[in-house]
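Heads up, the thing below is written out as C-alpha cells.
Just so it is clear, none of the values below were taken in a lab; they were calculated from the coordinates. Every value quoted in this text rests on a predicted model; they were computed, and no experiment measured them. Cβ sites come from the backbone with ideal geometry, for glycine too, and all protein chains shown count toward neighbours.
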Amino acid sequence: MKKWVRLSVLFLMAFSLFAGVASAHVTVQPKETSQGTYEVFTVRVPSESEDSSTTKVEVRFPEEVNISRFEPKPGWTYELQMDESGKITSVTWTADGEGLSPTEFIQFNLQGKVADDATEIVWKAYQTYADGSVVEWVGAEGADAPASVTTVKPADPSASHEHGAGVQEEVSEDEETTSSNVPLYLAIAALVVALLSLVLALRKRG
C-alpha cells in the first residue's frame, strides 16, 4: 500500500513539473478580439532554460494585424522590420544586460488594428538564449513549441448604433436639464429688470 502511495506522489510531482514546463510558452494576450478593432496586445515571455538566460525575443506579425505602437521596456531595446510598403512585419527585443534568468518572465505591450476580415492571428515567436540556442514558437496547437493564437470574432454591427444612441441620450439629457432651468433664468431676468426699474425711479426722485 505504501508503495502505491509513493508511486502516486511521484506521478503527481512529475505531472506538475511537466505541466509547469508545458505552460511556460511565449504567449500573446488577449486570446480573443474582434474584427476592425484597435487592440493592445501583450507578449508574455517566460525563461525556461535552467542553464542560460533569455536575451532576445522576436515576434512576427501576420497580415491579419497592423501593429503600429510599442511600449518602451526598461532594460530592453527593440528593432522593427518593415516590408516595402512600410508595414511593420516584426519586432525584436534585445536585453541590454544579462537577460531573463530561469525564474523570471517579462511582458511587452504593443498596439495595432485587427483586419476587418481576420478570423485568427497567429503570432510566431523566436526566443534566443545567451548560449545561442533558439526556441521557435511556431508550431500548431498541441506541439512542443506552439505559436500563440488570438481568435478574432466578427465585428458587432450594432456597436456603432449603440454608441450613437448613447450620444443621443446624453444630448437629450442635456436638453432636458436646460429646459428645466428656464423658469429659473426667467425669474433672475425679472429680478434684474425690477432692480433696474427701482434704481431709475430713485434717481428721478432725487
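Remarks
- Residue, surrounded by the most Cβ atoms within 10 Å (Cβ to Cβ), within region 118-131, restricted to residues that are in a loop (DSSP other than H, G, I, E, B) and among the hydrophobic types (A, V, I, L, M, F, W, C): Ala118
- Among the candidates Glu136, Glu141, the residue that is without any contact (Cβ under 8 Å) to a residue 24 or more places away in the chain and either within 20 Å of Ser90 (Cβ to Cβ) or assigned to a strand (DSSP E or B) (or both) is uniquely Glu136.
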